[in-house]
Structures are given as C-alpha cells and as structure tokens.
Amino acid sequence: MPPLPVPRGPAQRSPAPRPPGQRGPQQPSPAPRPAASRPLAPRPPVPGGQAFRSPAPRSPLPREQAPWPPEPRRPEPRRPDPRDQPPRPPAQDPRNRAPRPPEPRSPVLGPTASHAPSPVRAHPVAILVAIGLGALGVVFLWWSDTPAVSNFGEWVTNAGRVLGLLAGYGVVVLVALMARLPPLDRGVGTDRLARWHAMGGRYIISLITAHALLIIWGYAITAHTNVVSEAVTLVLDYPDVLMATVAAFLLIGVGIVSARAARKRMRYETWYYLHFYTYVAIALAFSHQFAVGADFVANQPARVGWSALYATVGAAVLWYRIIRPLRQAARHQLRVVSLSAEAPGVVSVHIGGRYLDELRAEPGQFFRWRFLTRGRWWSANPYSLSAMPRPDLMRITVKEHGDHSEAVRRLRPGTRVIAEGPYGSFSAATVRAGRQVLLLAGGVGITPLRAMFAAIPGDVTLVYRASAPSDVVFHRELEAIAQARGARVHYLIGSRAQLGGDPLSARRLAELVPGLHRCEVYLCGPGGMTETAVAELRAAGVPRSRIHYESFEF
C-alpha cells in the first residue's frame, strides 16, 4: 500500500516516533503550551565587575548616585580540554622556521603596559643615607681647603663658612625632594617627602641665618671694627653679596608663610605660588658662592662639581614638572566627560582620554589636575583617584574647600585637562600579600581608599568615620563592593558625645577589627584625625612600619 501524502502547510511538524508493532499513519503530537513569562529585572552593576547575589542591606544613610561603572575583572582561566586542541603540526627544521614577529610597542613607553617593568621605588632609608653622605662630602670640602686656624676670629669665620656650604647643599636637597622624581615619589611617598621638605626648610633657614651672622662677626673681629659697619661693608663692597642678602630674606619670608599658623590663614593657591620665590632666591645666591667663597675661588674641581649638582637638580625640575606633563597632555588628550553629585558639597569628575593604561596609575595614587578654563588654567591641585582607573576613563572626587575645588563643580563636559602624575606611595600596589588590611577613612579621605577597597585582595576591613550621615560618600558603592568580595564596612557616624567617646580609640578599633595588631593599616583623612588615629593604632599594638597614612593638609 503506498504511503499517504503528508499535508503541506505553513508550519509542518515532525512526526512523533511510532511505537514498535503499531501500523498505520502517525498522528502528530500537539505542540507544548507555552508558559507565561515575564521579563527579568536587570541586576545592578557592582564595582569590581561582579553582580549582586542578594540585595545590599538597607541603611539609614541617604541614597547616592549610581555607582562607578563596572571595573575590569580578570576572567577565570579555563582548563583546556585536550580534545579541543588542534593536531600538532609536524616538526620543522629550525633553519626554515619563520622569524618571530616583534613585540608590539607603545609610542611612549616602549613595550605594552602588560609587559612593562615594575616602577622603580627608592627606599626611604637609602635616601636619608645618601643625603647624609652628601653632607659629609660638603664638610670634607671645607676641611680640605681650610688652613690652620690661629685665632678666635678665624674660628668664627670658618664656622660661618661650613654652615654656608651646608645651607647651599641643603637648598638643593629640598628642591630635589619636591622635584616629583618618580622613584622618590613612589618609594618614599609625597606626604612623607613634604614632611621632610618642611622639616629641612626650618634647618636651612637656621643655617642661612647663622652663616650670615657668624661671617659678619668673624670679619668684624679680624678687622677690629663693629659688626654694623662690617655688615654694611660686606653688603655694599663685596661682589654678589647684595644679591645673596636679598635671597636670604626671600627664603626667610617663604619659611615664615610656610609655618603652620600662617598656612591656616591663606589659600592653597597663594601658599603654592609663594614657594616659587625659592627658585629666585637660589638663583640670586648661587653666584656669591663662587665670587667670595673661599672653597671655590681657587678650586676648579669643586666649582665644576658644585655647578653639576645644581644643574642636575634644575634639569630634573624642568623635565618632571614642565616638559613631562606637557608631553602627557599631548599624548593622552584628557577631557572632562561628566560630573555627578555624591554628597552636599562633594562632586565626582569623570575624565576620559586615550592610552590611560600607559600612565600605570595605581588605586590610591593622585594626580595634580590643571583644568584649562578661563582663570584656572594656571592652577594645579592634587586630587586622588576615587575609582580603579580604566584605559579610557578616570574619576576624581572633590569636596569644596577653596577657590579651585569650588570651581571644579562648575566644569563643563569637554573641558581640556592636564594631569601631572601619578604620584604617591599610598597605593594598593604596596600591600603585602597575605596580610590582613584595615582601611581607615575620615570624611572625604574615603576617595583614595574607595579605589583601594575594590583592588586589594584578601581580608579587608573598611572603617569610615564621618560627622553626619550627609557626609558619607560612596555609601552604595562601598556596600556593593563589600557584598561582592565578602569584606566588612563599619560606619562611625556622629560626634563623640553621640557615640559615647572617641570612636577611633584603641579599644574601639580592636573591637571592630579582630587581630588589629597584625593588620596593615592605610589611613586617610584630615590632619587632626590622622594624628589621633596613628597614636591610637600604636597604643593598640600596630607597629609603626605597618601604618601608612596620607594627610590632606598642605
């Protein structure tokens, strides 16, 4: 019997399998009834490239803006299946093998960032030893050029000579510390270099003052005259001493405005640009060292070595503070992408560019940002990265505290930006593997710690101190990061009276963080909070070498 024809239609179903032994045409099975479906709500993005497993716990804190876009996360490696591998080609004669293609290179850094060597970091102890050896070399220069001292006047004069040499050497050291040399900045840290610079500045002012007074006194004893007439003679008759006198007064003036009491009464921009008079003072004082300095007048090698020291430091300042930032600006083409409010008086600025991975910025570091707007192009202020940098985007978060920070919230998308950096040893790259980490933030000091919170592996606890709930920044992002990685966040919000005492006391911190004495601590906040927290951490048994902090005071 011939088979029956199959009906044709727009939708033809495949016949169901026939049971064994059954004859006749097969009836098509009914199509399964579709189940009712509804669209699933998308999961909110979590910084760090992970998704929520469960909603974040509720909190009385105010709701903030959408979190930073998901940060890149390295995919989990998949174990290769031998069955998926292509057959191995037959062995070739090495003489007939094609040459290996060259490694791709970056126009600026050479090899691509993934193959770039780790940045060089100078050890603080090595730097201090080098500075001390240089000071010994200066004293040896005076000793080798000093004849026998026969009377009290010569003793006083030679004391003034050696102090003048040390002052000339110390000025160069102070400039080199703040020349933004990458090995110094990454190894020692900008905050510690600034403290060394401030402490050294007080010594240099003392050396310059003592040098001038002792030289005048010693010359007056030798000439059998009074110190006033001898001072007038030195300033008016000796070559280049008048310029050196002006330089001394400029340096003393810079030292006065750098005192803590004076700094609190002036804007950051004013304090910053007054320091440029230091370069004028060094230039004015340099020539008198060769004109009247007994150690250089007839010592040609000493003149060459001293000139080379000044020229090397001057070239470093010119390169790292002027030429390099301009080259980076031309290379990376930074522009403001968008702005978002984070809290009252706090705004985040999203800055886009190209090849930003070549900067090798680390979470926790900062740049000096110069926004090219009318009236602000000349001002560069330091702001930390508040999220893990991406190859095309960086984010900073700024609190209004001065003219520059107030102008940041008025920036418009498309504004061109020049960034100097990255700077600082306060970064996730310095965390030792296997250590328990405590991040302790105060106020807007959360900005670098928020980026480090998403980047540091292992056991991490974040303690956030704020005066009021409205002062808390990145609350939603911090909760998302903590839930995604299983970390802990503690908020200490309110005054000491409201919290029943100091929330950062050694006892309270030990209760919040078990095993506190074994932690590697990263601390960032206002100066007063930083000093108090360091003292309490030391009282809790944390070694000084494990406390890393960065202050927002200039």
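The values are calculated or read from the model by the stated rules, or taken from the named source; none is laboratory data. Note that the structure is predicted; figures quoted are calculated from it, not measured. Methodologically, a virtual Cβ is constructed for each residue, glycine included, from the backbone with ideal geometry; neighbour enumeration extends over all protein chains shown. When the accessible area is computed, the model is the full protein with side chains, heavy atoms only, and any ligands, DNA or RNA have been set aside. Shrake-Rupley method; radii C 1.70, N 1.55, O 1.52, S 1.80 Å.
Tabulated data for the structure shown
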item	result
1.4 Å probe accessible area per residue over the range 275-346, in Å²	51
Virtual spin-label span in nm between Glu269 and Arg507, 7 Å along Cα→Cβ	4.8
9 Å beta-carbon shell around Val349, net charge (K/R +1, D/E -1)	+2
Using a Förster distance of 56 Å, the FRET efficiency for Ser307-Glu406 (Cβ separation, nearest 0.05)	0.80
Fraction of accessible area attributable to carbon and sulfur, the range 463-517 (%, probe 1.4 Å)	51
R0 of 45 Å, Cβ-Cβ distance Val120-Glu154: FRET efficiency to nearest 0.05	0.45
Label-point separation in nm, Arg416 to Ala261, each point 7 Å along Cα→Cβ	4.5
Net charge of neighbours whose Cβ lies under 14 Å from the Cβ of Asp459, counting Lys and Arg as +1 and Asp and Glu as -1	+4
